[in-house]
1. Shape of the stretch B:302-371 from its Cα gyration tensor (a ≥ b ≥ c, root eigenvalues): rounded if a/c is under 1.5, otherwise prolate when a/b > b/c, or oblate?
2. Need one number: nm distance between label points at A:ASP610 and A:ASP98, each 7 Å from Cα along Cα→Cβ, rounded to one decimal.
3. Distance in nm between label sites at B:LEU650 and B:LEU681, each 7 Å beyond Cα in the beta-carbon direction?
4. How high is the relative contact order of chain B? Use alpha-carbon pairs under 8 Å, at least six apart in sequence, and give a whole percent.
5. Defining a contact as two alpha carbons under 8 Å apart and six or more residues distant in sequence, what relative contact order in percent does chain A show?
6. To the nearest 20 debye, what charge dipole does chain B have about its Cα centre, counting +1 at the Cβ of each Lys and Arg and -1 at the Cβ of each Asp and Glu?
7. Tell me the mean residue ellipticity at 222 nm calculated for chain B from its helices only (DSSP H runs of n ≥ 4, each -39500 (n - 2.57), averaged over every residue, nearest 500).
8. If packing is taken as the average count of other Cβ atoms within 10 Å, what order do B:412-419, B:192-199, B:567-574 fall into, highest mean first?
Amino acid sequence: MTDFDVLKAEADKVWDDLQSTDGVVYLGTASCGIAAGIGEVKRETERWMAENGADLRLSEVGCIGTCCFEPLVSIQVHGNPPVAYGPVEGRTMGGLLDSIITHKRYPTEALLGSIGDAFGDVPSIWDHPVTATQKRIITENNGIIDPVELEHYISQGGFEGLKKALAMTPDEVIETVLESGLRGRGGAGFPSGRKWQMCRQNRTDKSYMVCNADEGDPGAFMDRSILEGDPYRLLEGLTTASYAIGADEAYIYARAEYPLAIKRLRIAIAKLEEVGFLGEDIMGSGFSLSIHIKEGAGAFVCGEETALLASIEGKRGMPRPRPPYPAQEGLWGKPTVINNVKSLASVPAIMRLGAEHFASIGSEGTKGTAVFALTGKVKYPGLVEVPMGTTIREIVEGIGGGVPDGGKLKAVQTGGPSGGCIPESMLDLPVDFESLQQAGAIMGSGGMVVMDEETCMVDVARYFISFTQYESCGKCPPCRIGTKKMKDILERICDGNGDPGDIEVLEEIGSTVRMGSLCQLGGTAPNPVLSTIKYFREEYEAHISDGRCPAAVCKPLVTYTIEPDECIGCTLCAKNCPVSCIAGAPKEAHVIDQHQCVKCGMCHSICPKDAVKKTSPGRKEVVE
Amino acid sequence: MTARIDGKDYDIIEGETILDIARRNDIYIPTLCNHPDLSAFGGCRLCLVKVEGFRAFVPACATPVQDDMVIETTEEDLDDLRRRILQLILSEHPSACIICADREECLDLHPDPTKAGRVTGCRFCPNRNECDLFDVVKALGVDDIWVETEYKDVPLYRRDPFIHRDYNLCILCGRCVRVCAEIRGVSAIAFTERSHDATIGTAFQGPLVDSSCVFCGACEDVCPTGSISSKMTRWVSIPEVTGKSTCVMCPAGCAMDVGFKWGRMTITEPSEEGENVAQACLKGRYCTVPLTNSKDRLEYPRVTTDGVLRPVKWETALETAVEGLKGFAPEEIGMIVSPSLTVEEAFLAQRIMRGLGSDNIAIASNMAGPMQKAWGGAMDRVAGIGTMTDIRDCDAVLIVGTDLSLTAAVTQVHVHAAWKDGASVFNVKIDPRKGYRHADVIEPDAYGPFMDILLEEVKAPGQQPHTPDRDAAGRIASALKDADKTAILVGPGAFRDAAEGTQVAKLALELFEAVNGTVLLPLWDGGNVQGVLEAGASRCLTPGQCIEQDSGKYSSGRNPLGEGIKALYLTHPVPEIPEGVEFVVYQGPFGSQVSERADVILPSSMFSETEGTVISLDGRVGSITSDARLPNMAKPDWKVFIDMGRALGLDGFDFEAVADITEAVGLPLEPGTHLPPGEPLPEGDRAVRVDDAVNPVGPWPCSATRYRGREIAEDVEDFLEVAASWGWDE
Ligand SMILES: Cc1cc2nc3c(=O)[nH]c(=O)nc-3n(C[C@H](O)[C@H](O)[C@H](O)COP(=O)(O)O)c2cc1C
Ligand code: SF4
Ligand code: SF4
Ligand code: FES
């Protein structure tokens, strides 16, 4: 066992050395960076180093959150803090290094700012509109430290929280978490301290701690970013929680589609065991813990806690009714706490900085920060961490930069596939568990999709219910059959075959599914449908009674026509039409044969003059 | 502790669910996925109730009741929700019959045989109107479906033996999956696929014969719809007459509900009443009816004239038999008693022989003789100790000489219950057939030596050099010794050879005593071996198993198939008619190679056509009733024996009804009760009381694949397929 203070001193030294080293290149190598092409950037950097005989240090860091700027690198020289650039490309990397390292000049192209204070002409990245209003607690180390370097994490205050916790009694730890007001970030917002307390009270010979890292919502990647960017934070939180509830075994249920996260977790666990922060007698406290990683096979429903437990036990991932709650009868019948990655990643800061610090952030009912994966029609999509209570508008327009290219925002969808759509008029809603719930949406595990006027809300509802239908485990009839019926009706409506009364049937099935389903997959599955009916009913009606898709999205209701006055007769559309249904001589206006058109939209996207119009004229006009 | 339901307070019992307490107090809550024998599932959502303090409705079937809970079960919004959920279910269940306005009339009038391949409505539902779904429809008053209906159109499974599966009718209550895993310990089927396509199936949707399925039919019995149906009964609809009986296909003595129509047996289903806890096996469940209705039954009494067996009147047949038998001295006559006869029938059989002055009686069983030798000398009676249900409480179970697949298969239900409670289960067997999946299987070269080793390891553990058998024996020995309660089951596999069987039986008893066992049961190789022994229908025994060998009362103690026997009265086929036999009477329901050679044939009954009493392997008294008409001139065995006794001019055959015979047997044969267990004698009183000649012949045609010598497969093709797939090649 290594003494914590010795380790801490070593870590600080490692970190200070790194900070004062001349010539460090930090590469954002989370999954997002890798997908965006950081590998190529890294190779180019290495090639440049070889060519120039430069001795640079490469440090691989996690995702700082600004997906819009990937691949992202930070370069640290001349005693200045690292300066972030993005997006960079392999072929521009050489030039960038030339000018910064060789010519001591910071080019302005793709410059994001210094990761630290502003200096010279270089602004601080923290003043960038994307980051200015963010409050980084859970993601504070993301993009800053090398995720697998234990010293980096410790130098940033890591494991001080656990050290404090181990000096307290488990009940005192629980008390602290209760005081902090931490609520579960996995969706339901249940007070974490209460859950721990319940489990501790039910403890007999054995109890388990489980971290839910299944993150099945399509488009959500907050948990992955944390696992990839700062795995020790999660492990510290998990260990603290295990100590509090008295578990000597913990599981991390991570989806198998997160290979990098799993790899880094495994490395981190091994290192912690080496220094005695995991395993027997942690930090000499007498407390022991072993952590297992269980890879989930990618079923959305396995994120539901009882299905998750069944899956760990090797059974089919099907939820079961609660009570008994997992804190009463969980894994192999023993009291078990299941917490989301973000919930657990909040714990080290709570322990280190104190409950009051955490409780001072956030809104009345929901303390701390919210982490969102902001995607869709925004200028700056990415990972966002803001204090609870921030309005949706601030996130979407402030941080996200609003809809790009002058588009108009129509709705924001929160909470993943089972969340709801919030119309533009309600953007001033603060994000916390209660307000979103009241608006018919949910916090969920933290997806936020921005939609503009080119989005058809019926189509959106159809899309989301298709997802939940496909992911239903099939156990209970409301969800298994009800979502299928809703999907069938929505498909009919999108095909222009809606019947009067469909909306009412949708509402009735929706309420049956919501109230009758066993788990919250079914319980929330109707949300996208019911919330779009609530706020965008006229769009449904246009589909049903006029056969018209106001956003011109639903294919069977869309017509492509060529505006004769705008057409220059370039013949591009005719040449590219897969069914050759466009007629017209060169230099003359072209015409689409509506009967043969398969509505592939090729002409629309290829026309250099935007003369091909995509409209949904409605039933009557089509007949003419 | 109390809970308030719909405004009234009720006492509650720790650990029960809201549904339990409601049922106890006759408060109706609709349910579909719930089944009293199975774990809570909470899937169908029909039992949703309102509980104060809970945000959402909770399923009564899965929610533990707590002190001071306030529960509402009948509010309008609840019923409304239940109705809407039920309608969603019905929208995918071919439910013409359920919501048809003419249902009541139709039920009385609709034709019986339902020949449609695809199920489209009530006329074609194979569920014989035992429809849980309809009960709930009625209770909730659903008479329309407000969402679009849709026929799922999934393929039917019609190639499996015995069982048809049509998941177009399935409502995914999961009862079948649970009964298969929880009660039978088999887990042949599970939920497969997901979303709307979720269904029930085997691994990779392969045929049932390739799965671990044992064709016990438990899934069919718990299915609330007609999704799983027996091939055999789906065409015959509802029985006209129903009754309670006992299965004699094996010695487990399962209580059965039996049904008859057109004077024929049409269905056998396990009943709640027996030790078999509403479970049975493929033989009792699916083979009894086709075997009973076999086309190859013996239908007429026959007598050989001029070398040809010709049909004759009963009088003629009996006269010929009497004349023939009387032509021999008592010690020249032998009798073979079938272990499938009832106690009463066996009692009459021995009375005939003893009336004739002969003790040359043997049971057609490989186990009876060795057991009589081994246990008969060491216990007051040849009888097991403890009951099948006692196995459930045991902490260690040792099964020797059977895999529980076709012999007393239903005991596996109890073994599995023990296993679920943490018992270790060992199966010592030689046949490479599939057995209980959770058992620690040991396959020694031979039973006798292994049992020797096992006993050594119990008495002096770890003294001998390691061998695989020795290590396995050590494992078993320490589990048996560590257990508070142990069960030892000995089956027919260990009795192929009479001498080895005797040794195994002896060692099993010693082992039982050495580990201070709780249950020791012989898994007999015949349906009523125990009952036939109790009836005294074996050499040296009188009713009640009094051993009379030394009394000198009987003139002979010959092996009925041995030297000096000149006339044979057979009620079971024998391997071959010994040389020197001049006259053969053959009585039974089925012909055999032997009956071809008989001088007189007396057509008699299957157990499914007679009346009387049988004794299970653990001494449980079961009663047999029937409403079946026998084929043509065949008569129940007991009537044949009475006629024969009278025709022989013997005393003691003036019985009118079976009940009179039962009384004459003089044993406490109260159905549902157990005869006393066997009691080991004090060491000094033990002796070998019967000689080797008791039952030296064999092996008998009495394997688990036969009934009264008849290969079940000859009448039940599906049985052949299953048995072959399990490696029963006989
Ligand atoms: C269909 C469904 C999917 C879920 N998926 C996740 C998930 O991916 N990650 C997660 O943390 N919680 C998920 N949850 C919520 C969990 O059931 C559980 O509430 C949560 O893990 C508890 O952790 P917390 O208290 O820290 O929020 C899901 C719930 C449902 C109903
Ligand atoms: S609500 Fe859906 S996912 Fe949840 S148990 Fe029911 S069928 Fe399964
Ligand atoms: S086959 Fe029958 S028992 Fe099995 S799930 Fe379907 S309806 Fe239920
Ligand atoms: S009976 Fe309770 S949910 Fe089905």
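Bear in mind that the values in this text are calculations on the coordinates, not laboratory data. Quick caveat: nothing in here was measured; it's all calculated off a predicted structure. All Cβ positions, glycine included, derive from the backbone under ideal geometry; neighbour counts span all protein chains shown.
1. prolate
2. Placing both labels 7 Å along Cα→Cβ, they lie 3.8 nm apart.
3. Taking the two extended label points, one gets 2.8 nm.
4. With pairs under 8 Å counted, the relative contact order is 15 percent.
5. Result for chain A is 11 percent.
6. Here chain B has a charge dipole of around 1200 debye.
7. -7500 deg cm²/dmol
8. Answer by packing, highest mean first, reads B:567-574, B:412-419, B:192-199.
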